[in-house]
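Shown next, in structure tokens, is the structure this report addresses.
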Amino acid sequence: MKDLHVKFLALALLLFAFSLMFYKANTLGLPLFPSEEVEVWSVEARVAFQPKEGPVKIRFALPNQPEGFVIADENYVSGKYGLAFETADDNKIAEWAVRRASGEQVLYYQLHLARDDNQISSLKPNITSQHGQDVYFPDVPGYSEATATIVEALLSEVRQKSADIKTFTRELLLRFNADEPDENVQVLLSNIKTDKARVDMLRAVLAGARIPSRIAHVLLLRDGLRHGKLEPWLQVHDGEQWLSFDPGNGISKLPENALIWKVGEQPLLEMRGGKQAELDFSISRHTQEPIYLAEQRARKLDSHAMEFSLYSLPIETQNVYRILLMVPLGAFLIVLLRNIIGIKSFGTFMPILIALAFRETELIWGIVLFSLIVALGLAIRFYLEYLQLLLVPRLAAVLIIVIILMTMMTIFSHKLGFSHGLSIALFPMVILAMTIERMSLIWEEKGPSEAITQGVGSLFVAAIGFLVMSNDLLNHMIFVFPELLLVILALTLLLGRYTGYRLTELWRFRETLR
């Protein structure tokens with residue numbers, strides 16, 4: 001019954017830990033592996049205009065949850081202007097207002113965003129767009145008689161060479177972008193002067209087939225770009241999602257670094273009380289810590305997960321916990337090496353504390369210094385045996401001797417120019433004293449062979465613990481996802497019910513097992 005209880009408890013711990021870890025990695029974007037800083041794009045929109053007499057009001061459409069990106073930060077440089085926000089369609093609208101202005105006015109909007117491969121699109125077939133806006137099938141426009149004949153003939157030809165909305169739109173764009181377009185297309189393009197007018201014409205033709213469409217203003221992210229402009233793209237809804245098409249070549253895929261700035265009929269820039277408005281974009285690229293982006297994403301999602309993470313602690317405290325959180329991993333390693341493999345060592349946690357000291361002394365020098373102190377301390381401990389001291393005074397004497405030995409070795413190593421010897425002070429003094437005392441007792445009770453075996457086993461466990469606890473991947477994962485300690489706890493509970501043979505026992509009794 002107790003065995004079943006332990007298994008259920010371990011299963012509950014595992015489910016909770018992995019669920020929380022999945023949420024933090026998939027939703028917040030916390031990195032599973034130690035990685036380089038992520039790429040961040042900084043976009044600056046500049047609105048310049050000449051004010052008229054009286055109040056000035058500017059409405060500027062901004063990205064709202066841009067597909068494929070996460071907004072890390074936003075800044076508005078507007079001086080004495082009042083600033084308010086609202087949403088329209090799939091866009092966010094910033095509205096600047098001032099009672100009076102004189103001279104050339106310049107407003108800035110700065111956007112910092114990064115790639116978001118974890119973004120989940122909430123698409124609903126036939127009825128909604130990416131952000132929940134209803135999608136309607138347009139009515140057939142009221143074409144003129146001549147235009148209606150041309151559009152009907154063109155749609156009939158395109159329909160025969162397509163199978164769905166995507167291929168229908170692509171075939172239509174191929175006809176509009178042919179080197180030698182047919183007469184029907186030439187008539188439709190005869191009065192088209194701008195790219196936006198071209199997209200509007202395409203939308204009017206698609207409306208003849210009752211295909212939902214909209215215009216999307218796209219900003220191509222290029223490092224060092226100055227005076228950039230938005231490019232109008234065509235989007236059609238295939239019943240499940242909005243598909244983007246380049247009206248200039250018919251390609252049905254956005255470039256990797258394309259940012260959809262605005263979609264729909266909402267004007268990009270509206271102005272009252274001003275004239276000669278100019279809008280251009282500047283772009284730069286830099287790198288940033290992925291943790292910072294995860295904090296911004298959590299703030300956008302109104303999640304408190306990052307507020308209670310280790311990253312909310314002061315840097316000094318974070319550095320302490322980067323070491324402390326590895327101790328449970330070392331404890332689990334001892335359970336594995338002692339209960340499953342059967343390696344003998346002094347004490348339960350002494351090897352792990354020594355392994356922590358190895359992080360500063362380095363492994364080889366740590367083993368040499370540890371062996372030297374224990375050997376010298378053991379020799380002096382045998383001398384104290386002849387004095388027949390009581391237990392507590394004897395332990396105190398051993399501790400004092402250990403400190404004296406550490407001090408002397410530090411001084412001599414410094415004089416000889418061995419910098420590694422200076423780190424001997426990081427060894428846990430009480431643990432060294434107890435190790436010497438324990439080893440001397442085993443030496444007297446079970447002989448030198450058993451004492452040396454346990455001493456070598458302790459050093460081996462400490463060395464393995466050092467290699468595991470200094471692993472960059474494990475350090476990163478446990479610090480970023482401390483819930484993994486529950487996984488270690490669950491595995492420890494399961495191993496706590498193991499009563500089978502150890503591997504060393506199988507080797508010892510191999511002849512009997514045969």
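Quick check on the exposure proxy: order T87, T194 from fewest to most C-beta atoms within 10 angstrom.
The fewest-first ordering by Cβ neighbours comes to T194, T87.
Take the alpha carbon gyration tensor of segment 10-108, find the square roots of its eigenvalues, order them as a ≥ b ≥ c, and report rounded if a/c is under 1.5; if not, report prolate when a/b exceeds b/c, else oblate.
prolate
Among (1) 1.52; (2) 1.11; (3) 1.01, which is the computed Cα Rg over 2.2 N^0.38 Å?
(1)
Quick one: grab the alpha carbon gyration tensor of segment 318-513, order the square roots of its eigenvalues as a ≥ b ≥ c, and give me rounded if a/c is under 1.5, else prolate or oblate depending on whether a/b is larger than b/c.
Oblate.
Rounded to the nearest 0.05, what FRET efficiency do D164 and L506 give with R0 = 56 Å and r taken as the Cβ-Cβ distance? Could you check?
0.30
In straight Cα distance, which lysines are under 20 Å from K229, not counting same-chain residues fewer than 8 positions off?
Leaving aside lysines fewer than 8 places away in the same chain, those within reach of K229 are K92, K193, K196, K253, K262, K275.
Order the peptides 358-367, 97-106, 381-390 from the highest to the lowest mean number of other Cβ atoms within 10 Å of their residues.
Top of the packing list down: 358-367, 97-106, 381-390.
Can you spot the lysines whose alpha carbon is less than 19 Å from K446's alpha carbon? Ignore those fewer than 8 places along the same chain.
Filter leaves K344.
Mind giving me the FRET efficiency for V77 and K196? R0 is 22 Å, r the Cβ-Cβ distance, nearest 0.05 is fine.
That gives a FRET efficiency of 0.20.
If we sort 398-410, 180-192 on the protection proxy, mean other Cβ atoms within 10 Å, highest first, what's the order?
In descending order of packing, they fall as 398-410, 180-192.
What percent do you get for the relative contact order of segment 318-513 when only Cα pairs under 8 Å and 6+ apart count?
39 percent
Take R285, R297, R175 and order them by how many other Cβ atoms sit within 10 Å, fewest up front.
Taking fewest neighbouring Cβ atoms as first place, the list is R285, R175, R297.
Rounded to the nearest 0.05, what FRET efficiency do L495 and K415 have when you use their Cβ-Cβ distance and R0 = 56 Å?
After rounding, the FRET efficiency stands at 0.75.
Is any helix in the chain, taking whole DSSP H runs, at least 18 angstrom long along its axis by alpha carbon and on average at least 0.5 on the Kyte-Doolittle scale, and which ones?
The qualifying helices are 2-26, 363-387, 391-416, 429-446, 448-469.
Once you keep just the Cα pairs under 8 angstrom separated by 6 or more residues, what percentage relative contact order results for the chain?
Relative contact order comes out at 20 percent.
Given contacts defined as C-alpha pairs under 8 Å and at least six residues apart, what's the relative contact order of segment 231-279, whole-number percent?
Result for segment 231-279 is 19 percent.
Each reported figure results from applying straightforward, stated rules to the coordinates on display, with no laboratory input. Source: prediction; values computed, not measured. Heads up, the Cβs are rebuilt from the backbone with ideal geometry, glycines too, and the neighbour counts pull from every protein chain shown.
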